[in-house]
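Engineer: Sharing a structure here in structure tokens format.
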Amino acid sequence: MAGMNQTTSALPDTSIISGKNAVLSIAERFHKRLLPKISIKDKRMLEDTSSKVLTNLAAASMIQSMKGDLPGALISLAVIRNAEDANAVNSFGGYLRAIDSIKTSLPVLQYAYKLAPDNPSIISQLGHTYLDLGNVSKAETLYTKALGFDNDNPFALQGMVALYLKKGDKGKALEYMLRSSKFIFSVRTPLVYEQFRDYIDTKTSVEDGEGDREFAKSLLQGTKTESIRVISPQIPKIPPFPFFNNLKEYEKSSVQIELMQLLGEITAKEQSLMAEMASVNMSDSHEPVIPPGAIAVSHEQGIFMFDQVMDLTEKISIIDTDRQYKENLGYMEEFNRIMLSYGQKLGDIERKAADCQTEACAMKYKIETCKLKQDTYQTVNALFMKWYRCIIDFNTRNQKTINDIYGFSQPWMDRTISENEYVLMEYRRLLSSYSIIRSSINAALANYVHFDVNDECLSMNIEEMKEQLRQMELEEVRMTDPAKCENSPKIVISIVYCELALDCSSVEAGCTKGVSGSVKRDFVKNETTIFVGVGGDVDAGSVAAGGKAGVYVTIPDSGTGFDAGAKVETQVIGKAGFSGAGMNTETTMSIFSAPKIQVTPVVVPLIIPD
């Protein structure tokens with residue numbers, strides 16, 4: 001009993017089946033709804049057709065249009081006429097699944113299963129419904145049961161493919177896909193390929209495209225058979241794009257012109273190919289001599305597989321191209337944000353510069369302008385390099401897709417009997433490849449990242465410009481009132497080893513005895529100078545002489561115009577009692593400018609000796 005209970009629990013739950021009357025009610029409801037929608041001719045045909053023939057007609061019409069009105073009217077009538085026909089009930093359930101009435105199909109397929117519990121196709125159909133409803137465990141139980149009756153049942157195998165794709169186990173899905181591929185031609189619209197297309201469609205990108213390609217390759221190369229012909233075609237190549245270190249190199253190159261020329265050549269090749277395709281006379285086709293036993297699949301099947309290859313590889317290309325288009329738009333939006341901010345800042349600087357009355361003021365805003373341009377170029381250049389690397393990656397993926405087109409399709413083309421058919425296949429491969437090459441070129445031409453790389457500011461040295469500004473500011477201070485301190489004497493008060501020196505613009509205090517140091521404040525230039533060095537003096541009665549040498553640092557209040565260097569200062573005083581007069585000679589050697597010598601008369605109103 002325990003074993004029986006365990007077996008029963010593994011089977012689908014059929015306890016909710018309401019039976020024949022419920023299925024008839026569903027069939028009558030759909031038939032009543034669909035009958036007014038079909039033609040009078042079709043209505044007459046329904047009246048004189050048996051349920052078995054109706055079932056076959058429905059299956060045939062579903063090949064053309066799974067969701068049409070005629071298939072539904074045919075198969076629902078077949079069920080109404082003979083609700084004991086398991087195949088008719090199963091086909092009706094399949095029709096309901098096709099028109100997305102999944103829940104309604106469940107009781108119909110459960111009833112079909114009750115009528116034929118050992119029919120693997122009916123069991124698989126019920127499994128498809130449970131899988132669509134999200135009941136993966138019940139679906140797996142049903143598929144396993146169907147394969148127990150028929151280990152090669154294509155519907156059960158294809159159901160397992162969909163089930164493992166849903167679980168995310170691509171390896172297991174591939175195993176069942178390869179098992180089902182040899183039965184692929186048992187149905188007109190092979191579900192295995194539809195499932196693979198659905199799997200590709202769920203991708204928002206092809207970032208893991210390598211896995212997808214391997215998946216496709218294992219599937220699409222299919223059964224290994226001896227080829228009629230073995231040809232190694234010349235695979236079209238995407239031209240290599242040159243490497244650029246920066247945007248400046250790119251802007252100064254001729255790559256855009258070359259790409260435009262290449263695009264014109266590709267377009268001309270496409271037009272020529274299409275003209276050649278139109279001129280192929282299919283009635284003039286002849287068949288090659290076929291080695292005995294060389295063909296394991298039919299000519300029509302080979303053509304069908306070739307079409308599947310082209311559909312899948314072209315779909316990968318379309319998804320990848322769409323992704324690249326979106327990335328290009330992202331770069332464009334980022335570039336527009338950068339340039340909008342740049343334009344606003346540049347406008348503010350230009351408005352301020354327009355009010356300048358001096359060269360120093362104009363230089364100040366020129367420095368700000370050049371600094372802004374250099375910083376913006378660096379940002380734009382980084383964006384360009386990111387975009388260009390993306391284009392190179394896109395080209396690599398596109399070349400893979402072209403290689404896949406040839407690699408996946410060649411085994412099937414080699415089995416093609418018709419020479420003209422083979423030529424048309426080759427034309428289609430070339431057209432598809434040229435289209436992919438064109439998408440690579442168009443993506444590279446759609447570069448929204450630009451900057452004026454010839455702007456002089458990009459080659460300017462900002463630090464050198466700041467030093468020019470400092471000199472301009474100093475000159476402007478000197479020229480503000482050129483006569484104000486012209487030949488103005490320096491007044492020095494000497495107290496032992498220290499002295500206080502004043503002139504018309506500054507005050508300096510310092511001491512010298514072996515070690516010398518002073519601080520000078522210039523109230524006109526608004527700067528402070530600190531001196532440190534060595535020094536000494538000689539007193540010969542009526543004449544006193546002194547000197548000091550060292551280094552100095554000048555710190556302006558504005559923060560610009562910093563100066564530093566070496567200074568040597570000598571002073572000779574003729575004394576008369578506790579006062580005197582003489583000359584002061586100061587030599588400065590700035591690290592930013594040429595040496596300067598300044599001679600200033602000195603008046604000493606008070607000398608307090610040591």
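The values are calculated or read from the model by the stated rules, or taken from the named source; none is laboratory data. Computed from a predicted model, the values in this text were never measured in an experiment. Here the Cβ positions follow ideal geometry from the backbone for every residue, glycine too, while neighbour counts run over all protein chains shown.
Engineer: Exactly one of (1) farther than 18 Å from MET583 by Cα; (2) modelled with pLDDT of 85 or more is unmet by GLY547. Its number?
Structural biologist: (1)
Engineer: Scan GLN301, GLN324 and give me the residue that is part of a helix (DSSP H, G or I) and either modelled with pLDDT under 80 or outside the structural domain of ILE402 (by TED's automatic domain parsing) (or both).
Structural biologist: The match here is GLN301.
Engineer: Would you confirm, using the coordinates I've provided, whether LYS567 is charged (D, E, K, R), at pLDDT 90 or above and in contact with a strand residue (DSSP E or B) (Cβ under 7 Å, 6 or more places away or on another chain)?
Structural biologist: Details: charged (D, E, K, R): yes; at pLDDT 90 or above: yes; in contact with a strand residue (DSSP E or B) (Cβ under 7 Å, 6 or more places away or on another chain): yes.
In short, yes.
Engineer: Okay, moving on. Check GLY561 against each of (1) outside the structural domain of THR588 (by TED's automatic domain parsing); (2) touching a helix residue (DSSP H, G or I) at 6+ places or on another chain (Cβ under 6 Å); (3) not polar (S, T, N, Q) and name the one condition it does not meet.
Structural biologist: Of (1) outside the structural domain of THR588 (by TED's automatic domain parsing); (2) touching a helix residue (DSSP H, G or I) at 6+ places or on another chain (Cβ under 6 Å); (3) not polar (S, T, N, Q), only one is false for GLY561: (1).
Engineer: Exactly one of these conditions fails for PHE531: (1) without any contact (Cβ under 8 Å) to a residue 12 or more places away in the chain; (2) assigned to a strand (DSSP E or B). Give me its number.
Structural biologist: PHE531 satisfies all of (1) without any contact (Cβ under 8 Å) to a residue 12 or more places away in the chain; (2) assigned to a strand (DSSP E or B) except (1).
Engineer: Would you mind telling me which numbered condition in (1) modelled with pLDDT of 80 or more; (2) in a loop (DSSP other than H, G, I, E, B); (3) under 24 Å from the mean Cα position of the chain (by Cα) GLU207 fails?
Structural biologist: GLU207 satisfies all of (1) modelled with pLDDT of 80 or more; (2) in a loop (DSSP other than H, G, I, E, B); (3) under 24 Å from the mean Cα position of the chain (by Cα) except (1).
Engineer: Next question, about the same structure. Would you say PRO120 is over 23 Å from ALA22 (Cβ atoms), in the same structural domain as ILE38 (by TED's automatic domain parsing) and in contact with an Asp or Glu (Cβ under 6 Å, 6 or more places away or on another chain)?
Structural biologist: On the way: over 23 Å from ALA22 (Cβ atoms): yes; in the same structural domain as ILE38 (by TED's automatic domain parsing): yes; in contact with an Asp or Glu (Cβ under 6 Å, 6 or more places away or on another chain): yes.
The answer is yes for PRO120.
Engineer: Residue under question is ARG438, and the condition is that it be assigned by TED's automatic domain parsing to the domain that holds ILE392, surrounded by 12 or more Cβ atoms within 10 Å (Cβ to Cβ) and modelled with pLDDT of 80 or more; does it hold? So that I can check it myself, show each step before the final result.
Structural biologist: Values: assigned by TED's automatic domain parsing to the domain that holds ILE392: yes; surrounded by 12 or more Cβ atoms within 10 Å (Cβ to Cβ): yes; modelled with pLDDT of 80 or more: yes.
Taking the combined requirement at face value, the residue satisfies it.
Engineer: Are any of the residues in segment 601-610 within 15 Å of ILE495 (Cα to Cα) and either without any contact (Cβ under 8 Å) to a residue 60 or more places away in the chain or outside any strand (DSSP E or B) (or both)?
Structural biologist: Filtering segment 601-610 down to residues within 15 Å of ILE495 (Cα to Cα) leaves 603-610.
Add one more test, that the residue is either without any contact (Cβ under 8 Å) to a residue 60 or more places away in the chain or outside any strand (DSSP E or B) (or both), and what stays is 609-610.
Yes, because at least one residue in segment 601-610 is within 15 Å of ILE495 (Cα to Cα) and either without any contact (Cβ under 8 Å) to a residue 60 or more places away in the chain or outside any strand (DSSP E or B) (or both).
Engineer: Still on this model: So for segment 554-564 (the condition being part of a strand (DSSP E or B), touching a Gly at 6+ places or on another chain (Cβ under 8 Å) and among the small types (Gly, Ala, Ser)), does at least one residue qualify?
Structural biologist: Checked against the condition, which is being part of a strand (DSSP E or B), touching a Gly at 6+ places or on another chain (Cβ under 8 Å) and among the small types (Gly, Ala, Ser), segment 554-564 yields no hits at all.
Engineer: Give the residues of segment 232-257 that are at pLDDT 85 or above and among the small types (Gly, Ala, Ser), sorted by residue number.
Structural biologist: Selection gives SER253, SER254.
Engineer: Where residues in segment 478-497 are among the small types (Gly, Ala, Ser) and either part of a strand (DSSP E or B) or at pLDDT below 60 (or both), which of them is nearest to GLN598 (Cα to Cα)? If you could, list the steps in order and put the result at the bottom.
Structural biologist: In the first step, residues of segment 478-497 are kept if they are among the small types (Gly, Ala, Ser); the result is 483, 488, 494.
Imposing the further condition that a residue be either part of a strand (DSSP E or B) or at pLDDT below 60 (or both) reduces the set to 483, 494.
Working: ALA483: 16, SER494: 21 Å.
Restricting to residues being among the small types (Gly, Ala, Ser) and either part of a strand (DSSP E or B) or at pLDDT below 60 (or both), the top hit is ALA483.
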